[in-house]
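The values are calculated or read from the model by the stated rules, or taken from the named source; none is laboratory data. None of the values given here were measured: they were computed from a predicted structure. Heads up, the Cβs are rebuilt from the backbone with ideal geometry, glycines too, and the neighbour counts pull from every protein chain shown. Note: accessible area is taken over every heavy atom of the protein model, side chains too, but ligands, DNA and RNA are not part of it. Shrake-Rupley method; radii C 1.70, N 1.55, O 1.52, S 1.80 Å.
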Amino acid sequence: MTSGLSDIARELYVTPLAEFIAARNARAADASDSTLAAEIRALKKPSVAAWIVNVFAQERASQLEEALHLADELREAQEDLDARALAQLGRDRRALTNRLAAAAAELAETRGGRVTASTREAVQQTITAAFFDPVAAVAVASGRLLRELEPSGVFDEGADALVGGGAPELPDTAAAPRDEVKARRERREAERALRAAEQSRERAVRDAASADRSLRAASLRVEELDRRERELEAELVSIRRDATRARAALEEADAEQAARARSVEDAEAAVEHARRGIEDPPGT
């Protein structure tokens, strides 16, 4: 395969679709080598969805790189049967593919493309396929994709059957070493553990502050009750003293009342005696 064909294919596969055939034939006519010219003429026109993905892959490489890194991590999690990481990566994948598909559609529209709902869905499905299959990831990253891909597809024929212009090279992002992927996952797990520890610390600080407030409130309550107890004890002493005095006064009043009663009895006896003296004078 001629070395310059892949570069020419990359240029052609982001050419507006309406101009593809003319641009391809013009490049073939300009080729000085007959073999290269034949290979250029053999380049197939990409589907609308594939063209959108190609434009995105070439002009938004950093965003696609993020997707391919996440794809590596997703496959690593599947191989390790790490359920927690797999669930999180699955959520990340769905959110990211939605964003990438929307960005790719917007980019294609700025290039004059017409993006229908079905085409946008095909773009999203193609990006999703790249998450699940490394062959699909290489094809998508090449920027020379010929057709949309299905997430459930099996690509045993290799990436060169999915792209035009020869077999694509494995991108650095898709070829990230296993230990690097593992290191990224372990770093995320460490970050999650750190966040969990920080949250536990914050809860402990809040609980300690609440306990301190409760302690202060209880201390104030005890001080108030102690003060009230002292006041009541002093009042009780005073009441007991007053009660003792009142009982003494009562006894005095009772004794005086008894004495007065006896005086009354004596007076009544004297009156009665005097009355009998009048009614029955002596010597009658």
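Quick notes
- Other residues with beta-carbon under 14 Å from the beta-carbon of Ala218 carry, at +1 per Lys or Arg and -1 per Asp or Glu, a net charge of -1.
- With all protein chains kept in place, the per residue accessible area of the chain amounts to 62 square angstrom at a probe of 1.4 angstrom.
- Cα centroid separation - the stretch 1-46 against the stretch 195-220, whole Å: 71
- Choice from Arg111, Arg24, Arg241 with maximal GNM fluctuation in the chain (Cα, 10 Å cutoff): Arg241
- Relative to the longest principal axis of the Cα atoms of the chain, the long axis of helix 83-110 lies at roughly 60 degrees.
- Cα centre as origin, Lys/Arg/Asp/Glu Cβ charges: the chain dipole, Debye: 1220
- Relative contact order %, the chain, counting alpha carbon pairs below 8 Å whose residues are six or more apart: 18
- Within the assembled protein chains, the solvent-accessible surface assigned to Asp242 is about 80 Å², based on a 1.4 Å probe.
- Summing charges over neighbours of Ala18, with a neighbour being any other residue whose Cβ is under 12 Å away from its Cβ, gives +2 when K and R count +1 and D and E count -1.
- Ranked packing of 99-106, 213-220, most packed first, by mean Cβ within 10 Å: 99-106, 213-220
- Point-to-point label distance, Arg262-Ala26, nm (Cα→Cβ direction, 7 Å offset): 14.9
- Radius of gyration and maximum dimension Dmax of the stretch 15-126, Cα, Å: 18.1, 57
- Per-atom-type breakdown for the chain gives carbon and sulfur 52% of the accessible area (1.4 Å probe, protein chains only).
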